[in-house]
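Below is one structure, written out as structure tokens; the observations come after it.
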Amino acid sequence: MKNVNDIPKGLVKKLKIAREIVLNEKDTIRLISHYDADGICAAGILCHTLLRQGLKFHVTLTRSLKDEFVDILKKEDYPVTIFCDMGSGHLDALKEFKNKVIILDHHTAQSNSDEPLLINPHFYGMDGTYDICGSSLAFMFACVINEKNWDLSALALAGIIGDKQHLDGLSGYNAHLFEMAKDKGIVDERKMLKFSSNLVKNALLEDLDPFIKGMTGREDRILEFIRNMKLDSDIKFEDLDEEQMRLLLSAIIIRLLAQKVRPEIAEGVITKKYWIWKMNLYASDLSNFINSCGRMDNMGTGLALCLGEEMALKKAIKLRATYKDELRFGLLKLEEEGAHDMQNIQFFYNDNSSLAGAYAGLGMMYLFNSEKPTFALSVEEEKTKVSCRGTKYLVSKGLDLARACRDSANEVGGRGGGHPVASGATIPKGKEEAFLKHVDEIVGKQLQGADDTPGNSV
Ligand SMILES: [Mn+2]
């Protein structure tokens, strides 16, 4: 996509219909969005947009569209409800709403719809897994409402990073969004180390991506490693000369390759970061702060951060530290225990379903077999939640976790869906084994290229 005129006509037409609905509304507009970084950034973009138009809104961030929650929303008395970063998998339920419903979503959908007004780039030849996310779609809508909303592209970038759409470089609409934002002086691109701490010791101790087996989270091993590199224990990355930096990075990459991390991920220690001039921070840090707020049950703080509240940043910094501590504790445990192996997938159980996606993603990249999609199961009081992650490499080989989750969950009386590379499901308690068996079979067929079920291309 070279410029905004390349946005598919059908998509623009739908966005314009939504624009008319929103701009003609005098009453409070209902806004529902997802609680992850992408969903919160998308909500932030829409809140700014509505505020600038002088429109009233009531926003709720939620983990999922459970039946009970949809029932409550259905009974509410708002003229317009906008679902953001979610809703594609709930068309039947949302059809029953009496008010006007707009869905801005990039997750895979089985069918398109005008009522409710489903705005999903998948149906217009755009890849919702890598080229456009919930926040970049919300941003596209913000610009259709008013071209002056370009500054909100910074929030969209944080959302893109939250959904990990930037890992192999920005593509599609996301790339266009960044180029325009750079031209307008909103953001800048810098080649950087992936670590968020400048102190080498702290980076290795606290940063979990990359996770270096036998070292991350262990102070004694880190100090030994730094000593062996003939460096001062309190050295900062910025103090290293070129040769020292080269040696340190090679040592880290070699360790990652030795633990069988995929080469492109190991080399990702050096990465591109996007500096947001107005906020004075990197989009990746903003994304991490917002993600931590959501995962630590403080999504309101994440949204306040998007809306520019100063106190929110202070609170988010604390939440991020707590989140990282919790995640590190869980990853060290997973490093020790490993995952259960099946023929085509691997899985593990964990207690905190809010962190399960992060465990599955980091576990697959750094701890387990990087050739097998990884499933995290959290058994709760009535239901079991499933989060799973693959890699872009496996998706290029035919993996589609959205379909595998949806079909396997359906088989056991649950519900699932998402993206080919990252997906989830909720299944009845006690059906874990049956679910995993279905998934293992489906993933096996997908990776052998034998999966020719109709609808595979959606
Ligand atoms: Mn998303």
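The values are calculated or read from the model by the stated rules, or taken from the named source; none is laboratory data. Note that the structure is a prediction, hence the values are computed from the model and not measured. Glycine also receives a Cβ, built like all others from the backbone with ideal geometry; neighbour counts cover every protein chain displayed. Surface areas here come from the heavy atoms of the whole protein model, side chains and all, with no ligands, DNA or RNA. Shrake-Rupley method; radii C 1.70, N 1.55, O 1.52, S 1.80 Å.
Could you please let me know if PHE178 is open to solvent by less than 10 Å² (accessible area, probe 1.4 Å) and either away from the ligand (no atom under 16 Å from the Cβ) or not assigned by TED's automatic domain parsing to the domain that holds LEU50 (or both)? If you could, list the steps in order and put the result at the bottom.
Details: open to solvent by less than 10 Å² (accessible area, probe 1.4 Å): yes; either away from the ligand (no atom under 16 Å from the Cβ) or not assigned by TED's automatic domain parsing to the domain that holds LEU50 (or both): yes.
When the stated conditions are applied, PHE178 passes them.
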Evaluate the following for ALA266: is it over 28 Å from the mean Cα position of the chain (by Cα), within 22 Å of LEU332 (Cβ to Cβ) and outside any strand (DSSP E or B)?
no
Has segment 158-165 got at least one residue that is surrounded by fewer than 21 Cβ atoms within 10 Å (Cβ to Cβ) and either outside any strand (DSSP E or B) or in the same structural domain as ASP38 (by TED's automatic domain parsing) (or both)?
yes
Would you check if there is a residue in segment 75-82 being modelled with pLDDT of 95 or more, within 18 Å of LEU155 (Cα to Cα) and not polar (S, T, N, Q)?
no
Within segment 213-251, count every residue that is in a loop (DSSP other than H, G, I, E, B) and of a type in the set (A, V, I, L, M).
5
Among helices (runs of 4 or more DSSP H) entirely inside segment 16-95, those with 3 or more residues being within 16 Å of the ligand (Cβ to nearest atom), in contact (Cβ under 8 Å) with a residue 60 or more places away in the chain and open to solvent by less than 50 Å² (accessible area, probe 1.4 Å) are 37-52
Residues of segment 117-158 satisfying the condition of being within 14 Å of the ligand (Cβ to nearest atom) and within 17 Å of LYS278 (Cα to Cα):
LEU155, ALA156, LEU157, ALA158
With (1) surrounded by fewer than 15 Cβ atoms within 10 Å (Cβ to Cβ); (2) assigned by TED's automatic domain parsing to the domain that holds HIS438 as the list, and SER353 as the residue in question, which single condition is left unmet?
(1)
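Would you confirm whether or not segment 97-110 contains a residue that is out of contact with any helix residue (DSSP H, G or I) (no Cβ under 7 Å at 6 or more places or on another chain) and under 25 Å from MET126 (Cβ atoms)?
Yes, that holds for at least one residue.
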It is to be established whether one or more residues within segment 334-347 are touching a residue at least 60 places away in the same chain (Cβ under 8 Å) and part of a helix (DSSP H, G or I).
yes
Quick check on segment 99-111: of everything there that is touching a Gly at 6+ places or on another chain (Cβ under 9 Å) and outside any strand (DSSP E or B), which residue is surrounded by the fewest Cβ atoms within 10 Å (Cβ to Cβ)?
GLN110
